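K.L.:
This is the structure I have questions about; it appears just below.
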Amino acid sequence: MFYTILDDLILYQKLTIKPSKYSNYELILHRYFHEKTKGIDPSYIFLFNIESIDFIFFFVKQNDYFQAKTYLNSIRNKISSKKVLIIRVDNILINLLFNLFPDLSIHDIHIELNNKRGKYEISICFLKELNIYHIAVGERGCYIKAVNEFFDKHINFQNCKVPLTIKCRATG
C-alpha cells in the first residue's frame with residue numbers, strides 16, 4: 001500500500017469523546033478508582049458488554065497514566081469478573097489507537113475505504129511470530145469489538161464525519 005496524504009488526514013484527525021451519563025455503578029467505579037489510585041480522577045469511564053464479557057475502560061490524563069497503571073493489577077483483582085483497562089486520553093486518532101493497544105508491538109497501519117459499508121477500515125497489523133495478534137483481538141474477538149463499539153458510540157471527529165472500523169490483522 002502506498003502512503004498518501006489522505007492517510008494523514010484520517011490518522012491525525014482531532015477527536016472529541018462523548019461521555020455517557022454515569023450510572024450508579026459508574027459513580028461507584030469512579031469513587032473506587034479515585035480512592036485506590038490516591039487521588040487520580042478518571043476523565044471517562046466506559047462499560048461495554050461484548051458476548052457476556054464485561055470491559056471497563058478507565059481513561060486518565062496523560063500525566064496521570066503511569067501512576068494509575070501501577071494500580072492496575074490491584075484493581076483487576078478487586079473487579080475480577082471484568083476486563084479492566086487504563087487508557088491514556090488523547091484527542092488525535094493515531095495516538096488514541098496506540099493508547100488502546102499499549103503493550104503490543106504494532107507493525108503497520110493500513111487504511112482502506114470499504115465502498116459497500118461507506119466506512120474507512122483501519123487495519124492494525126501485528127507480526128504473527130510474536131503471537132501478539134491474539135492479545136490485540138481478545139478472546140473470541142471481544143476486545144476489538146469493544147474498541148469498535150467505543151468508536152461507534154463515543155468518538156466524533158471534529159473536522160468531518162468519517163465512519164470507521166478498526167480491525168486487527170496478523171502479518172509476516
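K.L.:
Mind counting the residues in region 87-118 that are assigned to a strand (DSSP E or B) and more than 20 Å from Val137 (Cβ to Cβ)? Let's see the steps before the verdict.
P.N.:
Residues of region 87-118 that are assigned to a strand (DSSP E or B), as a first pass: 87-88, 92, 108-114.
With more than 20 Å from Val137 (Cβ to Cβ) added as a condition, the list becomes 88, 92, 113.
Residues that pass the stated criteria total 3.
K.L.:
Pull out all pairs, ordered by first then second residue, where Cβ-Cβ is under 8 Å, the residues are six or more apart or on different chains, the first lies in region 71-91 and is in contact (Cβ under 8 Å) with a residue 12 or more places away in the chain and within 22 Å of Phe150 (Cβ to Cβ), and the second is polar (S, T, N, Q) and part of a strand (DSSP E or B).
P.N.:
Asn91/Thr16
K.L.:
Which members of region 21-61 meet the condition of being among the hydrophobic types (A, V, I, L, M, F, W, C), free of Cβ contacts under 8 Å to residues at least 24 places away in the same chain and part of a helix (DSSP H, G or I)?
P.N.:
Matches in region 21-61: Leu27, Ile28.
K.L.:
Somewhere in region 73-92, is a residue touching a helix residue (DSSP H, G or I) at 6+ places or on another chain (Cβ under 7 Å) and over 24 Å from Cys168 (Cα atoms)?
P.N.:
Yes, region 73-92 contains at least one residue that is touching a helix residue (DSSP H, G or I) at 6+ places or on another chain (Cβ under 7 Å) and over 24 Å from Cys168 (Cα atoms).
K.L.:
Mind checking which residues of region 1-43 are modelled with pLDDT under 85, hydrophobic (A, V, I, L, M, F, W, C) and out of contact with any strand residue (DSSP E or B) (no Cβ under 8 Å at 6 or more places or on another chain)?
P.N.:
Result: Phe2, Ile5, Leu9.
K.L.:
Do you know which of the residues in region 91-127 that are exposed (fewer than 14 other Cβ atoms within 10 Å of the Cβ) and among the basic types (Lys, Arg) is modelled with the highest pLDDT?
P.N.:
Top of the filtered list is Lys116.
K.L.:
I would also like to ask the following. Of all residues in region 132-172 being charged (D, E, K, R) and within 25 Å of Leu9 (Cβ to Cβ), which is modelled with the lowest pLDDT? Let's see the steps before the verdict.
P.N.:
The initial filter retains those residues of region 132-172 that are charged (D, E, K, R), namely 139-140, 145, 149, 152-153, 161, 167, 169.
Pick out the ones that are also within 25 Å of Leu9 (Cβ to Cβ) and you get 149, 152-153, 161, 167, 169.
Values: Glu149: 91, Asp152: 85, Lys153: 87, Lys161: 68, Lys167: 83, Arg169: 80.
Only one residue tops the list, namely Lys161.
The values are calculated or read from the model by the stated rules, or taken from the named source; none is laboratory data. Owing to the predicted nature of the structure, the values given are computational and were not obtained by experimental measurement. Positions of Cβ are generated from backbone atoms using ideal geometry, with glycine treated the same way; all protein chains shown enter the neighbour counts.
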